[in-house]
Amino acid sequence: MTVKFFDTTLRDGEQSPGVNLNIKDKLRIAEQLAALNVDVIEAGFPISSEGDFRAVNKIAEEVSGPIIAGLARTKKEDIDRAWEAIKPASRPRIHTFIATSQIHMEHKLRKSPEEVLEESVRAVERAKSYTDDVEFSAEDAVRSDRDFLCELFEAVIEAGATTVNIPDTVGYSVPHEFGGLVAYIRENVSNISEADMSIHCHDDLGLGVANSLAAVEEGAVQIECAVNGIGERAGNAALEEIALALHTRRDYYDKDHSLNLQEVHRTSRLVSNLTGMEVQPNKAVVGENAFAHEAGIHQDGVLKERTTYEIMDAETIGLEENKIVMGKHSGRSAFRQKLSELGYDLDDEKLNDAFLRFKELTDRKKEITNLDLEAIVEGQLVQR
Ligand code: KIV
Ligand code: ZN
């Protein structure tokens with residue numbers, strides 16, 4: 001079975017506090033997402049501002065390959081505006097949503113469940129009059145009444161929705177529970193086979209990726225996520241982490257996808273540079289240290305056999321190689337290897353001497369660069 005990647009970096013991701021991309025940046029990111037070969041690019045929320053409308057429209061005109069989606073509330077004017085923006089795309093999608101939890105319906109929408117259901121059906125019908133590809137999201141699905149959710153999904157599929165999305169809008173769920181919700185919907189929505197079941201997890205408890213993977217195990221076929229996990233509050237589930245979990249543990253998940261993993265690192269760097277949101281060094285998959293080894297025992301193991309301490313190959317995500325970081329925990333065998341890469345083949349005595357100098361330097365300096373190593377060896381060679 002194949003899972004689809006729905007990327008919302010340009011919509012939910014751009015809702016990160018402090019992020020404000022201009023049209024040129026959005027277009028550049030959309031082009032890179034197309035190179036990464038995501039299935040769907042959610043390009044923005046066209047009614048939210050004139051700038052967002054123009055960015056979505058430009059992406060729809062210029063980016064080919066993925067489906068281009070525009071977000072819309074269930075309001076008539078939102079759907080019309082979303083359609084205006086995405087209609088130049090060769091594969092346009094309208095993504096309409098409304099909240100379905102009691103807490104949201106009562107306090108935010110001030111609508112009854114019956115009104116929400118009726119409005120959802122009308123919205124899907126209107127979207128369907130523009131395009132065959134219509135996604136419906138039940139905002140705050142996780143805190144919604146399960147049977148109401150099933151009734152609503154059944155009604156919107158009947159009205160023409162081709163994807164139904166189950167968001168954990170506030171990142172409240174835990175993996176087993178979220179997987180259970182997906183299974184419940186799969187078993188209790190009679191026409192679910194006529195639509196793709198999608199999930200959309202936020203990361204408030206740091207569980208966005210784990211919840212997404214639990215949902216995939218229960219039959220979710222579309223995963224909504226953002227590059228580097230950016231998004232509202234603690235962000236969305238991180239695309240690269242889900243992708244590499246599915247790839248590295250394909251023995252367990254057994255799911256295909258269409259992503260070009262070689263573009264993962266480039267995409268992460270681009271999004272970080274253009275949004276100004278730095279990636280933490282220890283972030284899984286794309287952090288600066290994700291493929292670096294400093295401890296001597298680890299370095300020694302990796303040099304003998306890469307898989308001793310590496311479950312992923314840096315080259316898979318488009319990096320040149322795994323990184324051996326020379327620092328105070330590095331051992332003699334990594335030191336010897338590094339010197340040999342720099343062109344120095346020292347006898348045992350010289351190597352021991354150089355290693356002592358290197359260790360002295362690590363007390364004063366955290367990371368030892370190639371220039372430092374050259375200085376150590378050259379200085380020693382001159383002295384001798
Ligand atoms: O988190 C959420 O519920 C959303 C929806 C609009 C899908 O972003
Ligand atoms: Zn969201």
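Determine whether ALA43 is touching a residue at least 40 places away in the same chain (Cβ under 8 Å) and assigned to a helix (DSSP H, G or I). No, not satisfied.
For ALA226, state whether it is within 15 Å of ligand 2 (Cβ to nearest atom), of a type in the set (A, V, I, L, M) and in contact with a Lys or Arg (Cβ under 9 Å, 6 or more places away or on another chain). For ALA226, the condition - within 15 Å of ligand 2 (Cβ to nearest atom), of a type in the set (A, V, I, L, M) and in contact with a Lys or Arg (Cβ under 9 Å, 6 or more places away or on another chain) - is met. Mind checking whether some residue in region 320-331 is among the hydroxyl-bearing types (Ser, Thr, Tyr), more than 30 Å from VAL264 (Cα to Cα) and assigned to a loop (DSSP other than H, G, I, E, B)? For region 320-331, residues among the hydroxyl-bearing types (Ser, Thr, Tyr), more than 30 Å from VAL264 (Cα to Cα) and assigned to a loop (DSSP other than H, G, I, E, B): absent. Here the condition is being within 12 Å of ligand 1 (Cβ to nearest atom), small (Gly, Ala, Ser) and within 27 Å of PHE53 (Cα to Cα); of ALA127, ALA85, ALA99, it holds for ALA99 alone.
Results for (1) out of contact with any helix residue (DSSP H, G or I) (no Cβ under 6 Å at 6 or more places or on another chain); (2) surrounded by 17 or more Cβ atoms within 10 Å (Cβ to Cβ); (3) modelled with pLDDT under 95, shown as yes or no for each residue.
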{"site": "LYS108", "(1), (2), (3)": "yes, no, no"}
{"site": "SER112", "(1), (2), (3)": "yes, no, no"}
{"site": "LEU117", "(1), (2), (3)": "no, yes, no"}
{"site": "ARG122", "(1), (2), (3)": "yes, no, no"}
{"site": "ARG126", "(1), (2), (3)": "no, yes, no"}
{"site": "ASP133", "(1), (2), (3)": "yes, yes, no"}
{"site": "SER137", "(1), (2), (3)": "yes, yes, no"}
{"site": "PHE148", "(1), (2), (3)": "no, yes, no"}
{"site": "GLU158", "(1), (2), (3)": "yes, no, no"}
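When restricted to residues that are within 11 Å of ligand 1 (Cβ to nearest atom) and buried (at least 24 other Cβ atoms within 10 Å of the Cβ), region 224-234 contains 3.
Only a single criterion out of (1) surrounded by 21 or more Cβ atoms within 10 Å (Cβ to Cβ); (2) over 22 Å from LYS366 (Cβ atoms); (3) within 13 Å of the chain's Cα centre (by Cα) is not satisfied by SER272, namely (1). Residues that are more than 15 Å from ligand 1 (Cβ to nearest atom), under 29 Å from GLU217 (Cα atoms) and either in contact with a Gly (Cβ under 6 Å, 6 or more places away or on another chain) or aromatic (Phe, Trp, Tyr) (or both) do not occur anywhere in region 48-69. Taken together, LEU33, LEU27 contain a single residue that is more than 30 Å from VAL121 (Cβ to Cβ), in contact with a Lys or Arg (Cβ under 8 Å, 6 or more places away or on another chain), in contact (Cβ under 8 Å) with a residue 12 or more places away in the chain and not in a strand (DSSP E or B), which is LEU27. Selection of region 164-200 for residues being charged (D, E, K, R), buried (at least 16 other Cβ atoms within 10 Å of the Cβ) and either modelled with pLDDT under 95 or away from ligand 2 (no atom under 16 Å from the Cβ) (or both) yields only ASP196. If you go through region 143-153 one residue at a time, do you hit one that is within 12 Å of ligand 1 (Cβ to nearest atom), closer than 24 Å to SER112 by Cα and either free of Cβ contacts under 8 Å to residues at least 60 places away in the same chain or under 20 Å from the mean Cα position of the chain (by Cα) (or both)? There is at least one residue in region 143-153 that is within 12 Å of ligand 1 (Cβ to nearest atom), closer than 24 Å to SER112 by Cα and either free of Cβ contacts under 8 Å to residues at least 60 places away in the same chain or under 20 Å from the mean Cα position of the chain (by Cα) (or both).
Residues in region 1-24 that are within 19 Å of LYS58 (Cα to Cα), of a type in the set (A, V, I, L, M) and not in a helix (DSSP H, G or I): LEU10, LEU21. Regarding region 257-268, can at least one residue be identified that is under 27 Å from CYS150 (Cα atoms) and either within 14 Å of ligand 2 (Cβ to nearest atom) or acidic (Asp, Glu) (or both)? The answer is no; no qualifying residue exists.
Scanning region 201-220 for residues that are within 16 Å of ligand 1 (Cβ to nearest atom) and under 19 Å from ASP254 (Cβ atoms) yields a total of 4. Filter region 37-50 for residues that are buried (at least 24 other Cβ atoms within 10 Å of the Cβ) and of a type outside the set (Val, Ile, Thr); which is nearest to LYS255 (Cα to Cα)? This residue is GLU42.
The values are calculated or read from the model by the stated rules, or taken from the named source; none is laboratory data. Bear in mind that the values here come from a model prediction, so they are computed numbers and not experimental data. Note that we place each Cβ from the backbone using ideal geometry, even for glycine, and neighbour counts take in every protein chain shown.
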